[in-house]
Amino acid sequence: MFVEFLYELRARKVPVGAQEALGLARALAAGLHESSLGGFYHVARALLVHSEAHLDDFDLAFAQHFRGVHVEAKAIAEELLSWLRDPIKMRALSEEEKAMIEELDLEEVLRRFEERLREQRERHDGGNRWIGTGGTSPFGRGGFNPSGIQVGGSAGGRGGAVQDADARRYRPYRSDLTLDVRQIEVALRKLRAFAREGGDRELDIEATIDATARNAGEIEIVTRPPRRPNTRVILMMDVGGSMDPSAALVSQLFSAAKRATHWKELRSYYFHNCVYEKLYRTEGLQDPVPVRELLRECGKHHKLVMVGDASMAPYELLGSSGYGGGAGSSSEPDARLPGVAWLMMLRDHFDRAVWLNPDGIGPYPHPTVDAIKGIFPMFALTLEGLGEAVCELVRGRGRA
């Protein structure tokens, strides 16, 4: 009965699947919807929507599926309501003028209202025919008619399920907004991982209760090694050139990472445009650290976060530091390796690595951005993008 509705939700990118379908079926079998469309609306919304960001899409899908309401029709209705939100002030009518106004029954009012909706193309004020404000038409805002209906504003009663969906009380959250430090801290907290380490032991409450119960009520204390942070992060940031407009945003990311207390280790390095044989401990590209030395010191369990717009001349990605623009180029054999080889070396070493792009990921092809996307999972440095990147770092990749 509701399979088509589930497909409508999926078409609008609402994540529903077999688990949600079974849960909804059980709820209907239990009669939680009270055999009404309104009840089904509330039960389905509670079970099928897992994020506030999808509430608006749910309402759109519900309205379209159960009454055939289309997005274009909603746009027209919203335009009409925008006219009615600013009604003109109506002049005072005499008793004779009020008596001359035609009285209609509700059925006739609704019939004429539908006709006007089909015919009206612009705003009207102070008239007696069209949907408008400050007039004597049977429908509008701020006017007078003894048998009229008000369009817009607060309603006295409560509508049905489709009317609830049409109301669209839950406008979609924007996922393209850039982040502030607090939002970044909240997102990065999901990377927390803890391990039991030796040293001073702490009370294990659950194990103590269990051991005491098994010991006929005689208290038996159980201790365990304390949990300590076990997350190790390497942050590599592009600086200078095309990254200058994004300096404030990247600084917020760096500040949030430095303020976090759930890292066991945080290493930060800088590069310009592309990584070559060296990284740098300062944004002025000073105090170099050879990449191979870094790889020897850091295990595969470190989480690598690359930050950059990935936009550069192709020769900077495909060329070596000797002619690719890398600071501190040398004549050693490593200096002849192209930048793309160093990026692939980093990606191959770390099981968990992502690339955050402050410019986002545009719909148009870009030679170096597309090449780096083929090496690192790339995400926009936005609220949604950072959340997806954190999930990628937690999940990691399967290795052969």
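The values are calculated or read from the model by the stated rules, or taken from the named source; none is laboratory data. The structure presented is a predicted model; accordingly, all values stated were derived computationally and were not measured. Cβ placement follows ideal geometry from the backbone for every residue including glycine, while neighbour counts extend to all protein chains displayed. Remember, those area values only see protein heavy atoms, side chains included, never the ligands or the DNA or RNA. Shrake-Rupley method; radii C 1.70, N 1.55, O 1.52, S 1.80 Å.
Of all the numbered requirements in (1) without any contact (Cβ under 8 Å) to a residue 40 or more places away in the chain; (2) in a loop (DSSP other than H, G, I, E, B); (3) closer than 22 Å to Ile234 by Cβ, Pro363 misses one, and that requirement is (3). Inside the stretch 9-35, residues that are open to solvent by 20 Å² or more (accessible area, probe 1.4 Å) and in contact (Cβ under 8 Å) with a residue 40 or more places away in the chain make up a count of 3.
Every listed requirement among (1) in contact (Cβ under 8 Å) with a residue 60 or more places away in the chain; (2) more than 12 Å from Leu9 (Cα to Cα); (3) small (Gly, Ala, Ser) is met by Ala63 save one, (2). Listed by first and then second residue, the pairs linking a residue in the stretch 38-51 that is closer than 17 Å to Leu6 by Cβ to a residue that is open to solvent by 20 Å² or more (accessible area, probe 1.4 Å), with Cβ atoms under 6 Å apart and 6 or more places separating them unless they lie on different chains, are Phe40/His33; Val43/Leu32; Val43/His33; Leu47/Gly23; Leu48/Glu20; Val49/Leu55.
Under the condition of being open to solvent by 50 Å² or more (accessible area, probe 1.4 Å), more than 20 Å from Glu384 (Cβ to Cβ) and at pLDDT 85 or above, the residues counted in the stretch 36-60 number 4. Could you say whether any residue in the stretch 187-207 is farther than 30 Å from His349 by Cβ, open to solvent by less than 40 Å² (accessible area, probe 1.4 Å) and at pLDDT 75 or above? Yes, the conditions are met somewhere in the stretch 187-207.
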